[in-house]
């Protein structure tokens, strides 16, 4: 089922290849919808605030269901959970072209799709992560995580440009393609020869309740601090996704141009995933997170000074470049250190921390853009990231492993941590986990 160490995991591990292919296509479809959703809302005559609200509805829904979904993944059949989630997302996204064809598509339906898609994604996420551990051996885990980061980067590279181009042809085409991606993902899941190992409800219950994952993370302050810093990056990144679209729209950029600029984030993610082994060999966690924070701060300032496609695109590449190594670092610590009976709850607790603030990003960006203007919005985001870097990333310079354990439990909402309450979706996406530049604990 798994190949030997040193061989290509996509060649040797058929089940991982099917999982990886389905996940990649699904992410590609979501990246097309990511840029198409605000464009569609704007084309319906709605303002920037409402465009951001659609993304926020999806993110808030995922946030509310993350911890319950982790407990469900620890107790239920993960394959059925993934299949069910894919089918629900297929129906939800498929309702958009259906309603458009009937001439009844409106803003309330888009909000409803965002909520339903958010619910299904919240269920799919933890079940998917545990399934990876079932089909990938420990010696191939790092390779599998790198392949997932590269696939996410490739999807975010191609998806926004393709979504912008399809939107220019027909504003409903990106959503049709996204719906079909979920159908393909479901088919590939059905074809997996090896079923994810059945959950052990007794062990899962013995490990504690829904907050057991939070308690496990609380004993690892370095990892917790990295997650909370990532949460702030995800807030800035989720806001930036909407801000970039609105900014370029104000510059009278066409849909394909906006898609091409957004695809630059994917280029940065692909390059970052390819460079991840060297980056992780050169940088300890502290310097790595500090570098991410500094680059993001000055990048947002550049957007305030010169918000043109020729500036925004290349800067996006730089912004996202270091987030895949950071995501691999955090994801490997979570997957290798977590007790198996707690893996679903630990992963969703980490997601909860990383996505909590990010869920407010799109709506906050829409309000800022509407009331303060483009330049001041980017300055506000730069100040936010700079403050988070000083408070959260600088203490990580003391070094040490992210998995280091303390004997006394550190409260998760300890005052010094709540102040710096994630790569980056950094740029967590509006409608699917792991948007461009997302600091995901993969």
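Can you tell me which of 240, 222, 281, 267 is in a helix (DSSP H, G or I), at pLDDT 85 or above and surrounded by fewer than 22 Cβ atoms within 10 Å (Cβ to Cβ)?
281
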Among the candidates 102, 157, which residue alone is over 25 Å from residue 72 (Cβ atoms) and at pLDDT 75 or above?
-> 102
Please tell me if residue 163 is over 17 Å from the mean Cα position of the chain (by Cα), modelled with pLDDT under 90, crowded, with 24+ Cβ neighbours inside 10 Å and over 21 Å from residue 336 (Cα atoms).
-> yes
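The values are calculated or read from the model by the stated rules, or taken from the named source; none is laboratory data. Note that the structure is predicted; figures quoted are calculated from it, not measured. FYI the Cβ positions are ideal-geometry reconstructions off the backbone, even for glycines, and counts take in every protein chain you see.
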